[in-house]
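Working notes, structure below.
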Amino acid sequence: MRTASTDAADADTTQGVAMIDRAEPRAAGGDGDDALAWFTAVVREHSTTLVRYFARRGPRQDAEDLAAEVFATAWRRRDDVPREAVLPWLYRTAGFTLANHRRKLVDLPVEEVPERGERRVGEDPELSALFDDELRGALMSVGERDRRILLLHAWEGLDGEALAQVLGISRSGADAALSRARSRLREAWGERMSF
């Protein structure tokens, strides 16, 4: 379902694409129109996904700006983006963009749990809050790499080849890394579960 704000964001992004197109000369042989069409389709297809990616991992007010930065990188490096694996390339670039952004931040208080799941522990708000705190604590107790792998899998739905491309490793390496991360999370969860 699309909302007015989503349509407005798409329009803003598309306008930004047009500005990028005017700022750079067209490639020889008319490739500029093809590149612009490809890029516009990528932005339309993946902009919401990237904004959600950043909103889950950092300050929500920065999510759209960070997504725009990833798309700007995709435009600049459009010849390097694998056409058969655009989203994994965008996620990998988003990881680098987020790391750079975090280095710039000073004293960022974290007060909200990123996008909560639909399943709650019964209908008891207090029990639900306790469950969320325990789960968040277990997730924070695993290493940063394990946490990144788990979140890419759980929140972004990546596994197999797509996860391998984002991590920059082989498919078997990604499968093993996901398995290890799950195991460490289960262990951390078992140690923390207090109710």
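The values are calculated or read from the model by the stated rules, or taken from the named source; none is laboratory data. No experiment lies behind these values; they were computed from the predicted model shown. Using ideal geometry, Cβ is built from the backbone for each residue, glycine included, and neighbour counts are taken over all protein chains shown. Side chains are part of the model used for accessible areas, which takes the heavy atoms of the whole protein and leaves out ligands, DNA and RNA. Shrake-Rupley method; radii C 1.70, N 1.55, O 1.52, S 1.80 Å.
If you filter the range 137-160 down to residues that are touching a residue at least 40 places away in the same chain (Cβ under 8 Å), open to solvent by 30 Å² or more (accessible area, probe 1.4 Å) and not small (Gly, Ala, Ser), you find that the one that is farthest from Glu84 (Cα to Cα) is Leu139. Taking the stated definitions as given, is Leu163 touching a His at 6+ places or on another chain (Cβ under 8 Å), surrounded by 17 or more Cβ atoms within 10 Å (Cβ to Cβ) and either at pLDDT 60 or above or within 30 Å of Glu84 (Cα to Cα) (or both)? Considered against the rule, which asks whether it is touching a His at 6+ places or on another chain (Cβ under 8 Å), surrounded by 17 or more Cβ atoms within 10 Å (Cβ to Cβ) and either at pLDDT 60 or above or within 30 Å of Glu84 (Cα to Cα) (or both), Leu163 comes out as yes.
Can you confirm whether the range 77-96 contains a residue that is at pLDDT below 90, open to solvent by 90 Å² or more (accessible area, probe 1.4 Å) and under 19 Å from Arg60 (Cα atoms)? Among the residues of the range 77-96, at least one is at pLDDT below 90, open to solvent by 90 Å² or more (accessible area, probe 1.4 Å) and under 19 Å from Arg60 (Cα atoms), which makes the answer yes.
Ala129 passes every criterion in (1) open to solvent by less than 90 Å² (accessible area, probe 1.4 Å); (2) among the aliphatic types (A, V, I, L, M); (3) modelled with pLDDT of 80 or more apart from (3). Within the range 98-109, identify whether any single residue is at pLDDT 80 or above, among the small types (Gly, Ala, Ser) and assigned to a helix (DSSP H, G or I), and answer yes or no. Yes, the range 98-109 has at least one match.
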